[in-house]
1. Which ordering of 52, 141 is given by a fewest-first count of other beta-carbon atoms within 10 Å?
2. How long is the gain from residue 133 to residue 202 if the chain were fully straight, where each residue apart is worth 0.36 nm and the alpha carbon distance is subtracted?
3. Based only on Cα atoms, what Rg/Rh ratio does region 107-231 have, Rh being taken as Kirkwood's radius?
4. Which FRET efficiency, nearest 0.05, do residue 125 and residue 215 yield, Cβ-Cβ r, R0 35 Å?
5. For 92, 209, 186, what ranking results if the residue with the fewest other Cβ atoms within 10 Å of its Cβ goes first?
6. Rank-order 160-169, 123-132 by packing density, defined as the average count of other C-beta atoms within 10 Å over each peptide's residues, highest first.
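Derivation of every value follows stated rules applied to the coordinates shown; laboratory data play no part. Just so it is clear, the model here is predicted, and its values are computed rather than measured. We place every Cβ from the backbone using ideal geometry, glycine too, and count neighbours over all the protein chains shown.
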């Protein structure tokens, strides 16, 4: 069960991890909607298509996702304070799960960069541009041992990559890319893009959500599952 939760947390948290500000680019403010499909055709019946919606102002990112098992998932990331929460509305309560890394985890990650997954990716720039949603997108061919063959990524140059920072080496907003998880490879494709100032309330945690640590949430989840089994 713990691995199951971590899988979906990875899908949500991966695109908004490790922020880096660039003075040569501008921050995107508005909404991005991505379609998510599993790449392996044999898994398509088990893993239905999904959506990821990203809202952002100049300091906070909100990522919305949906899974059949856990329902709506909302991740809130404050870019300046480096704080993040995963909000879940479950049968046993509403929770805002604090997902911040401890100092020990951050130090371990920093000292283990040579063996990280990111080091296995090879990015090759391609000539020419591709139009998507009425905009010109830059092209990359991306290789990785898990890919059967290089995959074309697209990105919108000129914007900071901090909003959807799945790949820090991409100098812009990725608009077509793939994410590797322990279970499958997922393809993300931008299907809608709107530049505007979202409502401020989108970036807060509602009063009826209980703020809780990940471990405490897992204890409540296991307790709830045990109570159901006993009925």
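1. Working: 52 22, 141 14.
The fewest-first ordering by Cβ neighbours comes to 141, 52.
2. Numbers: separation 69, 0.36 × 69 = 24.84 nm, distance 2.47 nm.
In short, 22.4 nm is gained.
3. Working: Rg = 19.9 Å, Rh = 18.3 Å.
Taking Rg over the Kirkwood Rh, I get 1.09.
4. 0.25
5. Numbers: 92 12, 209 18, 186 21.
Ranked by crowding around the Cβ, least crowded first: 92, 209, 186.
6. Working: 160-169: 20.2, 123-132: 10.9.
The packing order, highest mean first, is 160-169, 123-132.
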